[in-house]
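The values are calculated or read from the model by the stated rules, or taken from the named source; none is laboratory data. All values derive from a computational prediction rather than experimental measurement. Note: ideal-geometry Cβ built from the backbone for every residue, glycine included; neighbour counts use all protein chains shown.
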Amino acid sequence: MKSLRYVGLELRNRVTDGDLIMPDQDLAAQVNHSGGSYPVVAGWGLINSLGDRFMDLGLTRTAYIITDENVMNLYGRNVQRALQSRDIPAHCVIIPAGETSKSFELAQAIYSWLADLKAERGHTIISVGGGVAGDLGGFIAATYLRGMAWVQVPTSMAAMVDASIGGKVAINLPQAKNLVGSFYQPKGVFADVQSLSTLGKRELSEGWAEAIKHGFILDASLVDVFEEHEEALMDVEPEIATEVIRRSMAIKADVVSQDERETLGIRIMLNYGHTIGHALESSTEYGQFFHGEGVSVGMMGAASMAQEMGLHSRELVERQRHLLERFNLPTAAKGVNVDDILKGMSLDKKVQGGSKRWVMLEEVGRSVVRTDVPEELVEKTVRELVS
Ligand code: GLY
């Protein structure tokens, strides 16, 4: 059994070859991976300086923005303008909003668009939006011409603190989400926290679920911050929201730097709450739960099982429940069909050699993977969540 204890945010200042580079105030972390490294940056109003960021990274050639119909007018155009202000040509393709856009059909249409525009390997794909623009844009970048440069500009909370970092790219099959994809790392992740101020409360809450999850699995002090600043965070107050997002991004960056391809038992920790969460999403045909809401219910399921197995106290379960509820997140899934959830869990990508791997807490800020969770306990817990 493996456990990872998160040891702090020491990635904030960049030092290379013994020379101190001027610290970038907006830099949350640097992700290190087998092919190099990239910056993960969050700032208020950051999109306006994106042209400079691209110049810094040497991404001076034509860019292709992939964004959805909701995000285009709010942020897609601003990204385009910011690049053009530094003489970087930028084309846009607008995809329908929603998970159904992660399809082979749409990928093929975008390949044709790129071919018509004579896209080259030295050009850049930019995903502007939430997880869908990220996953699809990354999938295109990974495959067109066997790989183009790719930059993530996440505009949803969940994409900022989770999906945009770590290079998981994918499209969906009718059987399940994200079945076809790859690990393909971007050249940089640039989050403009101001874009969260146009999100609805429900979208905000589901995004905070992923950040709260980061605290419970790896950083107890982050859980304290959530408990102390719930109101300011739900109001997206610039200073505290940006700081907490940077901290959460740094946790994700640290984890994926240690376990790029989820083979070392470290990255899997990020899937806390996801086994039941994904099954809830798929068993309700993606129509009832936002991803973060499913994760929230899944975190409660995992905590309840861990408590029954003697890993931690009831007090921890209640502390987690209380915090999730303060962020308006669901902690149960009343009325959902148990068999559908159990069936949904059988397609979980964490299954290895037939056994399910469950991420569980040992205490706040410390998590483990367990493969010995009795099926009867899983079934009992799922029944309790839906009754
Ligand atoms: N969202 C989990 C991961 O990127 O590994």
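Pairs meeting the criteria (first residue in the stretch 250-274 and outside any helix (DSSP H, G or I), second residue near the ligand (Cβ under 9 Å from one of its atoms), beta carbons under 7 Å, at least 6 apart or on different chains) are Asp259/Arg267; Glu262/Ile268; Ile266/Val255; Ile266/Asp259.
Assessment of the stretch 327-344 against the conditions (touching a strand residue (DSSP E or B) at 6+ places or on another chain (Cβ under 9 Å) and within 20 Å of Asp162 (Cβ to Cβ)) yields no matching residue.
Have a look at Glu230, Glu237, Glu243, Glu206 and point out the one that is surrounded by fewer than 24 Cβ atoms within 10 Å (Cβ to Cβ) and under 17 Å from Pro330 (Cα atoms).
After ruling out the rest, the residue left standing is Glu230.
Would a scan of the stretch 233-254 turn up a residue that is touching a helix residue (DSSP H, G or I) at 6+ places or on another chain (Cβ under 8 Å), modelled with pLDDT under 95 and within 16 Å of the ligand (Cβ to nearest atom)? No, that holds for no residue. Of everything in the stretch 176-204 that is assigned to a helix (DSSP H, G or I) and more than 14 Å from the chain's Cα centre (by Cα), the residue that is farthest from Thr242 (Cα to Cα) is Arg202.
What is the one condition in (1) acidic (Asp, Glu); (2) touching a strand residue (DSSP E or B) at 6+ places or on another chain (Cβ under 6 Å); (3) farther than 29 Å from Gly35 by Cβ that Glu237 does not satisfy? It is condition (2) that Glu237 fails. Here Gly166 meets the list (1) of a type outside the set (Val, Ile, Thr); (2) in contact with a helix residue (DSSP H, G or I) (Cβ under 8 Å, 6 or more places away or on another chain); (3) assigned to a helix (DSSP H, G or I); (4) within 13 Å of the ligand (Cβ to nearest atom) almost entirely, failing just condition (3). Just wondering, is there one or more residues in the stretch 312-333 that are within 16 Å of the ligand (Cβ to nearest atom), closer than 21 Å to His214 by Cβ and not aliphatic (A, V, I, L, M)? For the stretch 312-333, residues within 16 Å of the ligand (Cβ to nearest atom), closer than 21 Å to His214 by Cβ and not aliphatic (A, V, I, L, M): absent.
Might you check whether a residue that is under 20 Å from the mean Cα position of the chain (by Cα), of a type outside the set (Ser, Thr, Tyr) and outside any helix (DSSP H, G or I) occurs anywhere in the stretch 46-56? Within the stretch 46-56 (the criterion being under 20 Å from the mean Cα position of the chain (by Cα), of a type outside the set (Ser, Thr, Tyr) and outside any helix (DSSP H, G or I)), the answer is no, since none of the residues qualifies.
Let's see how each residue does on (1) over 18 Å from the mean Cα position of the chain (by Cα); (2) at pLDDT 95 or above; (3) outside any helix (DSSP H, G or I):
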position	(1), (2), (3)
Ile276	no, yes, no
Glu281	no, no, no
Glu293	no, yes, no
Met305	yes, yes, no
His312	yes, yes, yes
Glu318	yes, yes, no
Arg321	yes, yes, no
Pro330	yes, yes, yes
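When the stretch 61-85 is filtered for residues that are in a loop (DSSP other than H, G, I, E, B) and buried (at least 16 other Cβ atoms within 10 Å of the Cβ), only Thr62 remains.
Inspect all residues belonging to the stretch 279-288 and state whether any of them is in contact (Cβ under 8 Å) with a residue 24 or more places away in the chain, away from the ligand (no atom under 15 Å from the Cβ) and of a type in the set (Val, Ile, Thr). Taking every residue of the stretch 279-288 in turn, at least one turns out to be in contact (Cβ under 8 Å) with a residue 24 or more places away in the chain, away from the ligand (no atom under 15 Å from the Cβ) and of a type in the set (Val, Ile, Thr). Summed over the stretch 149-163, the residues that are outside any helix (DSSP H, G or I) and within 13 Å of the ligand (Cβ to nearest atom) give a count of 2. Ala107 meets the conditions (1) buried (at least 16 other Cβ atoms within 10 Å of the Cβ); (2) touching a helix residue (DSSP H, G or I) at 6+ places or on another chain (Cβ under 7 Å); (3) not in a helix (DSSP H, G or I) in every case but one. The failed one is (3). Ile217 meets each of the listed conditions (1) part of a helix (DSSP H, G or I); (2) surrounded by fewer than 16 Cβ atoms within 10 Å (Cβ to Cβ) apart from (2).
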